[in-house]
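Remarks on the structure that follows.
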Amino acid sequence: MGTPDELWYQSHQPGAKAQVDSFRRLERLCLPESMDGYRVLDIGCNEGFFCHQAVLRGAREVIGIDVDDIFLGRAQALYGADPKITFLKQSWQDLPGGEFDLILWTSAMHYEPSPYSVLANIASRLSRSGVFVLECGVHPDDKPAMVRSIRHDGCFWYPTRKYLESLLRKAGFAFRVVSEPENIGLDPVPPHSVPLHPS
């Protein structure tokens, strides 16, 4: 079926071949089983898998944003007919307006060398009882820093755990780690999953 770079990034059916196992990621993220009435934002939504999962769990409105035309085209083809889901070509530096009950930023933070402004923007969009779920690679270095690492598709930035924790506190989040590092795709820096609440 071709090389990994030619496959879809997200797996949309259990056992389907893709660059990442989306169903395994779904387990690791520990998303609420019920999202009844939630307004959800998926930042870097890729092919729309998590947007669809939010609707399946009862979300009333889901907005997925990405800047990649190919991913957005696939998301639209798969899930765009659902009236509860909107896909937008939009940067995470310019988030949609209004408050959200759940915000996801998964497997994308490494593209952002200065993530604090994004985290602060996310904090401003969360409802009073909202939850932000961050999944990101965490570099094993002990220094509090962003560290450049080589991936299959280029060289990108990953926070160390100390630096990530300091960023989250600075942005006003109380947080806990719900899944430890695990390679679930092509990324050489295993991701952690962290749900965050405004403190």
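The values are calculated or read from the model by the stated rules, or taken from the named source; none is laboratory data. Only a predicted model underlies this, so the values are computations on that prediction, with no experimental measurement involved. Virtual Cβ from ideal backbone geometry, glycine too; neighbours counted across all protein chains shown. The protein model used for the area step is the full one, side chains on, heavy atoms only, and it has no ligands, DNA or RNA in it. Shrake-Rupley method; radii C 1.70, N 1.55, O 1.52, S 1.80 Å.
Leaving out ligands, DNA and RNA but keeping every protein chain, what accessible area does ASP101 have, in Å² rounded to the nearest 10, with a 1.4 Å probe?
40
Averaged per residue, what accessible surface does the chain expose to a 1.4 Å probe, in Å²?
Result: 47 Å² per residue.
Give me a comma-separated list of calculated 3J(HN,Hα) values for segment 53-66, in order, Karplus coefficients 6.51, -1.76, 1.60 applied at θ = phi - 60°, integers in Hz, x for any Gly or Pro.
4, 4, 5, 4, 9, x, 4, 7, 8, 9, 10, x, 10, 7
When the helix-only estimate is applied to the chain (DSSP H runs of n ≥ 4, each -39,500 (n - 2.57), divided by the residue count), what is the mean residue ellipticity at 222 nm, nearest 500 deg cm²/dmol?
One gets -7000 deg cm²/dmol as the mean residue ellipticity at 222 nm.
What is the magnitude of the charge dipole of the chain about its Cα centre, with +1 placed on the Cβ of each Lys and Arg, -1 on the Cβ of each Asp and Glu, and no other charges, expressed in debye to the nearest 20?
Result for the chain is approximately 500 debye, rounded to the nearest 20.
Name the longest site-free stretch of the chain, where the excluded sites are trypsin sites (Lys or Arg not before Pro) in a DSSP loop with no more than 13 other beta-carbon atoms within 10 Å.
18-175
Does segment 35-123 come out rounded, prolate or oblate, given a ≥ b ≥ c as the square roots of the eigenvalues of its C-alpha gyration tensor, rounded meaning a/c under 1.5 and, failing that, prolate meaning a/b above b/c?
oblate
With every protein chain present, what accessible area does GLU180 have (1.4 Å probe, heavy atoms only), rounded to the nearest 10 Å²?
About 100 Å², rounded to the nearest 10.
Express as a percent, rounded to the nearest 5, the fraction of DSSP beta bridges in the chain (both residues included) that run antiparallel.
Just about 40 percent of them are antiparallel.
Given contacts defined as C-alpha pairs under 8 Å and at least six residues apart, what's the relative contact order of the chain, whole-number percent?
With pairs under 8 Å counted, the relative contact order is 18 percent.
Ratio to report: Rg/Rh of the chain, with Cα atoms as the point set and Rh obtained by the Kirkwood method; give two decimals.
Across the chain, the Cα-based Rg/Rh ratio is 0.93.
Any chance you could list the semi-axes, whole Å, largest first, of the equivalent ellipsoid that the Cα gyration tensor gives for segment 26-72, using √(5λ)?
19, 12, 8
What Rg and what Dmax come out for segment 95-182 when only alpha-carbon atoms are used, in angstroms?
Every Cα atom of segment 95-182 included, Rg and Dmax give 13.2, 39 Å.
State the percentage of accessible surface on segment 60-104 attributable to carbon and sulfur atoms; use a 1.4 Å probe and exclude ligands, DNA and RNA.
Carbon plus sulfur share of accessible area: 52 percent.
Taking the Cα centre as origin and putting +1 on Lys and Arg beta-carbons and -1 on Asp and Glu beta-carbons, what dipole magnitude results for segment 77-172, to the nearest 20 debye?
Computed charge dipole of segment 77-172: roughly 220 debye.
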